[in-house]
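Down below is the structure, laid out as structure tokens.
Values quoted throughout were computed directly from the atomic coordinates according to the rules given, and no laboratory measurement underlies them. It should be emphasised that the depicted structure is a prediction, and the values quoted were computed from it without experimental measurement. Glycine gets a Cβ as well: all are built from the backbone with ideal geometry, and neighbour counts include every protein chain shown.
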Amino acid sequence: MSSVNLPRVLGVWSGADEAGMSRESVERFVGRLAEAGVNAIFMNVKQGDGSLCWPSKLRSEAVKPGYDTFDFPAELIEAGKHHGVAIHAWMIDYMEGENGPAFRQHPEWAVRNAQGHPTNQETLRGRRFNAVWMCPAQRPGYTDQWLVPLYGELAERYEFASLHHDYIRYPGDLAPDQYCFCDYCLDQLPTWAGLLNRSYRDEPFLHPLYDRPYLEAHWEPSPRMLPAGWDKFDRSTKAKILLEGSSFAGGRADLDYFFYTYRAHQITEFARLSAEAARAANPNTKLSGAYFKHPVLSGRFIGQDWRTFRPWNEIFVPMDYRDHYPGTVAHYHTLLADTIEDQKQWVGDGELYVGFALWPLFVENPSGPYPQEFISGTFETIARAAPDGVVVFCSGDLDRYGAWDTLRAWYRG
Ligand SMILES: [Zn+2]
């Protein structure tokens, strides 16, 4: 143990299964974490398969069996009050189950790649990817018809410490440049980005004079920046042009800039809409999120530039997991300290809770032993950087890695 001060918020992410489905089991679950010094639980209530762990009236068809009659959030919040533990509602936003009701009712809401396929036709690490990512842009679509109303419902019914975004992005480990080329996005992106004029769709608005030394210096008349024939091209050709084409014939290959900007815009729009819906239902509601460690990089690769979320998000919980860094555990601790300093700038007036995961600390020896100094060293690095909080992924792994005593030693100071 060291003499550094602990962050104010000492949290864990938790799965609903860990808490059971009775008042007694929830009370026991929260009590055990509180005894170890935990004062914030980020509980997963919208799962990766699209199922909901509360008795939703809006989307009763998505409620996981058992949670229709057991009011899990109400019991959790009650136990949290009893033990002095803040309860946050952790939501998997844009990833849905291929058998979930959202995709079954509305297959057209899913993202499409250049071939027109949803994500469950991709292969990842030798296996078919069996989850479906939904298109953030479509209106009406998953964002405004499904996700935003669920945020409103949670805020209206429960006093959570925050509603917590996760998967608020485009797919990453699965083809970061391939989504979304759905009909809606192919139709909307060019006019949204100023690449097409609505009234003169085929007019090549050339600059009156090409009297400047650089071709791109003649950009302002908003020439039609898409090639003749655009309307006749198939999906894969349009996708190829958007990723590899130029806004000027003979100019730099820059059309991908508009593709990435469109995606980041759509994700920020959801951050805004979900916050507005939640705050309208209950002005006390805070928004938080599990974000990738570097917002400039995640803006480009997965549309998640969380610097732009600041008006819509009070608490930032970057996932500073070891698997998001190269090298040894020692390298990780050095890079982590640097990262937190940058993150403080990006978060600004918001609260910064640094998230780290247990499992990547032990990737070299997944079946043990599990040196506890890897965990203590991570706590120490975070505590020295003095963020507002720390959150461990996840409480369900504390048993597996023999980490209860280490957690307790840190969280109880
Ligand atoms: Zn789309």
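Averaging the sequence gap over all C-alpha pairs within less than 8 Å and six or more residues apart, then dividing by the number of residues, gives the stretch 135-217 a relative contact order of 23 percent. Using θ = phi - 60° in the Karplus curve 6.51 cos²θ - 1.76 cosθ + 1.60, the 3J(HN,Hα) couplings for the stretch 67-82 round to 7, 7, 9, 9, 7, 4, x, 4, 5, 5, 5, 5, 5, x, 4, 4 Hz; x is entered for Gly and Pro. Which FRET efficiency value, to the nearest 0.05, is calculated for Arg104 and Lys57 with the Förster distance at 25 angstrom and r the Cβ-Cβ distance? Efficiency for this residue pair is about 0.80.
Going by neighbour counts of Cβ atoms within 10 Å, the residues Ile87, Ile168 line up, fewest first, as Ile87, Ile168. Couplings 3J(HN,Hα) of the stretch 232-243, computed from phi: 8, 6, 7, 4, 5, 5, 4, 4, 4, 5, 5, 8 Hz, in residue order, whole Hz [Karplus 6.51 cos²θ - 1.76 cosθ + 1.60, θ = phi - 60°; x for Gly and Pro]. Out of every Cα pair in the stretch 257-413, what percent are spaced more than 20 Å from each other? Value for the stretch 257-413 (Cα pairs over 20 Å): 54 percent.
For the chain, the relative contact order works out to 18 percent when only alpha carbon pairs closer than 8 Å and six or more residues apart are counted. Backbone amide hydrogens, once placed in the peptide plane, bring Tyr291 within less than 5 Å of Val317, Met319, excluding anything fewer than 5 places away on its chain.
Have a look at Pro318, Pro107, Pro366 and tell me which one the Gaussian network model of the chain (Cα, springs below 10 Å) gives the largest fluctuation. Among Pro318, Pro107, Pro366, the largest mean-square fluctuation in the Gaussian network model of the chain belongs to Pro366.
Mind telling me which of Phe205, Phe70, Phe309 comes out most flexible in a GNM of the chain, alpha-carbon contacts under 10 Å? Evaluated over the chain, the most mobile residue of the options is Phe205. Volume of the convex hull of the chain (Cα atoms only), normalised per residue: 164 Å³.
Taking the empirical scaling 2.2 N^0.38 Å for compact globular proteins as reference, the stretch 27-180 has a Cα radius of gyration ratio of 1.14. Along the stretch 214-221 the Karplus relation, 6.51 cos²θ - 1.76 cosθ + 1.60 evaluated at θ = phi - 60°, assigns HN-Hα couplings of 10, 3, 5, 5, 9, 7, 5, x Hz to successive residues, with x for each Gly and Pro. Listed from fewest to most Cβ neighbours within 10 Å, the set Phe42, Phe181, Phe393 follows the order Phe393, Phe181, Phe42.
Compared with the dominant principal axis of the Cα atoms in the chain, helix 329-347 is inclined by about 70°.
As a rough footprinting exposure proxy, the listed residues Ser376, Ser51, Ser395 were ranked by other beta carbons within 10 Å of their own, and the order from fewest upward is Ser376, Ser51, Ser395.
The GNM of the chain, with springs linking C-alpha atoms under 10 angstrom apart, assigns the highest mean-square fluctuation among Thr328, Thr261, Thr378 to Thr328.
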